[in-house]
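Worksheet: the structure to be examined is printed underneath.
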Amino acid sequence: MTPTNHDFDCQACGACCSYSPEWPRFSTEVDADLDRIPEKFVAADLSGMRCDGARCSALVGYVGIATACAVYALRPEVCRACVPGGDDCLMARRGLGLDGVVASASAAPTRTASERG
Ligand code: SF4
Ligand code: SF4
């Protein structure tokens, strides 16, 4: 069965947030919005989110089990553009070995594409 958006639960995933240190880069954000992101989560060269290895420092929890974004309301545009079931999402999930994992009916509330994007 081909997964649909409703099969992906971002709060039980976090793959796109831990896929690559090149991922959560700043792009079209305005400075005023970037200034609201706590400094501890921002890369030293201000190019994007600070990562520990491939994982964004703002990601909380355990990838593939339970995750959250510590700066969700302030997250960069690239994070908003990554929607569950989209190409970037599928690439990240494949990279983390989560491509065959779908949310169960009893899982935590699913973050929808509109909430994510
Ligand atoms: S957008 Fe996709 S890869 Fe990112 S957290 Fe949600 S389900 Fe996982
Ligand atoms: S800022 Fe939030 S949504 Fe974006 S990569 Fe980091 S943890 Fe994920």
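Considering each residue of the stretch 50-68 in turn, none proves to be more than 20 Å from residue 96 (Cβ to Cβ) and either small (Gly, Ala, Ser) or over 15 Å from the mean Cα position of the chain (by Cα) (or both). No other residue among 59, 74, 98 is in contact (Cβ under 8 Å) with a residue 40 or more places away in the chain, surrounded by 15 or more Cβ atoms within 10 Å (Cβ to Cβ) and closer than 19 Å to residue 27 by Cα apart from 74. Can you spot a residue in the stretch 74-87 that is part of a helix (DSSP H, G or I), out of contact with any strand residue (DSSP E or B) (no Cβ under 8 Å at 6 or more places or on another chain), modelled with pLDDT under 95 and within 11 Å of ligand 1 (Cβ to nearest atom)? Yes, because at least one residue in the stretch 74-87 is part of a helix (DSSP H, G or I), out of contact with any strand residue (DSSP E or B) (no Cβ under 8 Å at 6 or more places or on another chain), modelled with pLDDT under 95 and within 11 Å of ligand 1 (Cβ to nearest atom).
Just checking, how many residues over the stretch 40-73 are charged (D, E, K, R) and in a helix (DSSP H, G or I)?
Going residue by residue through the stretch 40-73, those that are charged (D, E, K, R) are 40, 45, 50, 52, 55.
Now restrict to residues that are in a helix (DSSP H, G or I): 40.
Selection size over the stretch 40-73: 1.
Would the stretch 25-37 turn up any residue that is among the aliphatic types (A, V, I, L, M), more than 10 Å from ligand 2 (Cβ to nearest atom) and surrounded by 15 or more Cβ atoms within 10 Å (Cβ to Cβ)? No, there is no match, as no residue in the stretch 25-37 is among the aliphatic types (A, V, I, L, M), more than 10 Å from ligand 2 (Cβ to nearest atom) and surrounded by 15 or more Cβ atoms within 10 Å (Cβ to Cβ).
The values are calculated or read from the model by the stated rules, or taken from the named source; none is laboratory data. No experiment lies behind these values; they were computed from the predicted model shown. All Cβ positions, glycine included, derive from the backbone under ideal geometry; neighbour counts span all protein chains shown.
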